Amino acid sequence: MPSFSASATRAQGGSARRSPAPAIAATAFAFLTTMMGTTLPTPLYSIYAHEMSLSALTVTILFAVYALGVVAALALFGGLSDVVGRRPVLMVAVALAVFSAALFLLTPVLPIFIAARVISGLSAGLVIGAGTAAIIDLFPPGRKAMGGMLAVGVNAGGLGLGTLIAGVLADVTASPLTTPYLLNLVLALLALVGLWVLVPASRASLSWRIRPIRLQVPPPIRRAFVLGVLAAGAAFSVSGVLTAVSALFVAQYLGWTSHTLPGLVVALAFLFMAIGQLVARRIPTPSALLIGCIGLAISAALLALALVETALAPMLASAIVLGLAGGLCFNAAIATTVERVEPGLRGNVSSALFAGIYVMLAVPAIGVGVLTQFTDLRAAGLVFSGLVELLILAVVIAQLVGRRSA
């Protein structure tokens, strides 16, 4: 079993002789559980829309509120784990996930729902930056790539499991708006215990800086950082459109009442994103980024076809291709940025990367909701699928120009 690297030992305060496996497992479980909680409401939006008389615009704004909460947490506290250590920030993130789940268990009224989504976004923002950096820290120098793969895998896996579990539970239980959150609450409490018992306490400074921290990107990786944000952000943009339209599309256009189905559509994207991580490590990083972007263009085209033909098969295919292609893009983005900076900057760079990505997730989701006020869901989805295609084309051109210059 590999030992801590010297830098990881200093960052985490563990012994160089201690096996990192328990700490890696506890950190990954906390990361997975927190991200799972963020997507539990996704297949339940049709129920919430009925319970609270929500319009399509309100539903998509509720989805975007979460993304904005993530960006706010990353912008305010993105580098905090570099200052106070990984474990304190991870524990706060999981505690916020517990609080969010408790709010979701209350009677569904719009102000409480908004508060729960914002807190869920804050918890995700904290765990994304600190969790990605913490997992990479725990792997020795020769296996940082494996750490990056695991970090993106549990991130995407948590997002996929959340929407799938919530959809299934909504169909098989009598309490679809409480059972998923009870499960998440229990798992989050277990994650807190795991972090406390298995992850070494930090020896970093305990002077918490509750103020905006300037997210830094070192000059040597800035070009790779921009390409990584645009490519991985394009993946999240496609997933934003897919998430915004899938539940309403299944209900309004296909006439299906199943909550598992829209949950499965979104889950396929994120679960195959984890599989894409395995594929990415067998491909040179520049090629993985280029192939990933081409795959994203195909995914957006398949989504447009599903909307035009009112067909489920192209939407499922879009989700699978999106996941595989997004996995390639995410892996390349992490490999060319977070893995290449010193431990003291990993939390900062990781947070800056995901802040840009989540902005690109929020914009299509809000845009689809706004456009549905002037047209229908199909037209809104097609418009944003087309815009994402243009974004992906720009990223591909930038990569090819960069290769030619190099």
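The values are calculated or read from the model by the stated rules, or taken from the named source; none is laboratory data. Predicted model, so just to flag it, every value in this text is computed and none were measured. Every residue, glycine as well, gets a Cβ built from its backbone with ideal geometry; the counts of neighbours run over all protein chains shown.
Structure summary
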{"item": "Residues (outside any helix (DSSP H, G or I) and within 20 Å of Ala380 (Cβ to Cβ)) located in the range 30-58", "result": "Leu54, Ser55"}
{"item": "Test: residue in the range 233-243 that is more than 15 Å from the chain's Cα centre (by Cα) and in a helix (DSSP H, G or I)", "result": "no"}
{"item": "Answer residue from the range 258-287, given it is of a type in the set (Val, Ile, Thr) and either in contact with a strand residue (DSSP E or B) (Cβ under 6 Å, 6 or more places away or on another chain) or in a helix (DSSP H, G or I) (or both) and is farthest from Met35 (Cα to Cα) among those", "result": "Thr285"}
{"item": "The range 266-278, subset at pLDDT 85 or above and either more than 14 Å from Ser318 (Cα to Cα) or in contact with a Lys or Arg (Cβ under 7 Å, 6 or more places away or on another chain) (or both), residue surrounded by the most Cβ atoms within 10 Å (Cβ to Cβ)", "result": "Gly276"}
{"item": "Residue among Leu32, Leu44, Leu40, Leu57 that is under 24 Å from the mean Cα position of the chain (by Cα) and modelled with pLDDT under 85", "result": "Leu57"}
{"item": "Those residues of the range 59-92 which are touching a Leu at 6+ places or on another chain (Cβ under 7 Å) and not in a helix (DSSP H, G or I), in sequence order", "result": "Gly78, Gly79"}
{"item": "Boolean, Val127 is within 18 Å of the chain's Cα centre (by Cα) and under 16 Å from Asn348 (Cβ atoms)", "result": "yes"}
{"item": "For Gly347: the one exception among (1) assigned to a helix (DSSP H, G or I); (2) in contact (Cβ under 8 Å) with a residue 24 or more places away in the chain; (3) within 23 Å of Val245 (Cα to Cα)", "result": "(3)"}
{"item": "Residue within the range 139-161 that is touching a Pro at 6+ places or on another chain (Cβ under 7 Å), buried (at least 24 other Cβ atoms within 10 Å of the Cβ) and either modelled with pLDDT under 90 or not aliphatic (A, V, I, L, M) (or both) present", "result": "no"}
{"item": "Residue in the range 374-381 that is in a helix (DSSP H, G or I), closer than 29 Å to Ala151 by Cα and either in contact with a strand residue (DSSP E or B) (Cβ under 9 Å, 6 or more places away or on another chain) or of a type outside the set (Gly, Ala, Ser) (or both) present", "result": "no"}
{"item": "Test: residue in the range 257-267 that is touching a residue at least 60 places away in the same chain (Cβ under 8 Å), among the polar types (S, T, N, Q) and over 17 Å from Ala156 (Cβ atoms)", "result": "yes"}
{"item": "Any hit, the range 129-151, residues being within 22 Å of Gly263 (Cα to Cα) and part of a helix (DSSP H, G or I)", "result": "no"}
